[in-house]
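*Asks:* Dropping the structure in here first, questions after.
The values are calculated or read from the model by the stated rules, or taken from the named source; none is laboratory data. These numbers were taken from a predicted model, which means no experiment stands behind them. Here Cβ is always computed from backbone atoms with ideal geometry, including for glycine, and neighbour counts include all displayed protein chains. These area figures cover heavy atoms from the full protein model, side chains too; ligands, DNA and RNA do not enter into them. Shrake-Rupley method; radii C 1.70, N 1.55, O 1.52, S 1.80 Å.
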Amino acid sequence: MGDEPHDQSASEEDAKAVLRRLRKTSKELPSLKETVDYLLEILAVEGHGSDRLLALFAGSLIEVGLEVRLHHLMRRDLTVDEYNQIFSADRNGFLATFGARIAIGYALNIFGPKALADLKTINVIRNTFAHSLQPLHFDDPDIRTLCFSLQDYDDAASNIELPRTFLAFRSTSRSTAKHRFINASVSIAANLQLLIKDVDTQIIYTRRPLP
């Protein structure tokens, strides 16, 4: 009995360590190839669960991509506490939400008005899948309408290096809402990636913003 408080304390510390690792993992941005491969893997599975997973993953990918892009525009000597005050949901950071990051990204000309409209639409789709208590699919009439309102990124994303697997996917079909959603999500996520030449002197080259 005398060991119980110690065991409980150790268990709480273990849980906190696990939580820290999970939070770190959730902020690690996968490579574009890994992203495409994962999305195409999800695409191969039919059903409400796979549609929900696809919507959540694509939305989170762009949300974290915006965080990384915005962070590189900020001063380099931000402390962890200062960073969390900006981006952390636990600290009620003013850029903790997808919507806030979309708004400031547009204000900073990371993307233009057409991409802004698409990002807002992707956020609505992501949130709808996340909070719906009913089975939901991309062929739902309202979801389908939203997906087909997304612009075609073939020309807009011509300056972006995209994995061959994605180019092959893009050439196969644009007739489904799911394909339209993936095309827009991957194209925007690719545009958010940075090419950094010199980390020490912070010389950063960014692609031109999407329209």
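*Asks:* Tell me which residues come under 5 Å, amide H to amide H, from residue 210 once H is placed; ignore anything under 5 positions away on its chain.
*Replies:* Amide H to amide H, under 5 Å and 5 or more residues apart or across chains, residue 210 pairs with 112.
*Asks:* Can you pull the percent of segment 70-125's accessible area that's carbon plus sulfur, 1.4 Å probe, other chains left in place?
*Replies:* Looking at segment 70-125 in its full context, I get 56 percent from C and S.
*Asks:* Now for a different question. Excluding ligands and nucleic acids, what accessible area in Å² is computed for residue 124 using a 1.4 Å probe, to the nearest 10?
*Replies:* For residue 124, solvent-accessible area is about 70 Å².
*Asks:* Pulled fully out, how much extra length does the chain show between residue 77 and residue 137, if you take 0.36 nm times their separation in residues and subtract their Cα-Cα distance?
*Replies:* Net length gain for the segment: 17.2 nm.
*Asks:* At a 1.4 Å probe radius, which order do 34, 63 fall into by accessible area, largest first?
*Replies:* Heavy-atom accessible area, descending, gives 34, 63.
*Asks:* Moving on to the next point. If N is the number of residues in segment 42-113, what value comes out of its Cα radius of gyration divided by 2.2 N^0.38 Å?
*Replies:* Dividing the Cα Rg of segment 42-113 by 2.2 N^0.38 Å gives 1.33.
*Asks:* What is the calculated FRET efficiency for residue 38 to residue 164, with r their C-beta to C-beta distance and R₀ = 25 Å, to the nearest 0.05?
*Replies:* 0.95
*Asks:* Just by accessible area at a 1.4 angstrom probe, what is the order of 118, 81, 142 from largest to smallest?
*Replies:* So, going from the largest accessible area down, we get 142, 81, 118.
*Asks:* At 1.4 Å probe size, put 174, 126 in order of accessible surface, largest to smallest.
*Replies:* In descending accessible area the options line up as 174, 126.
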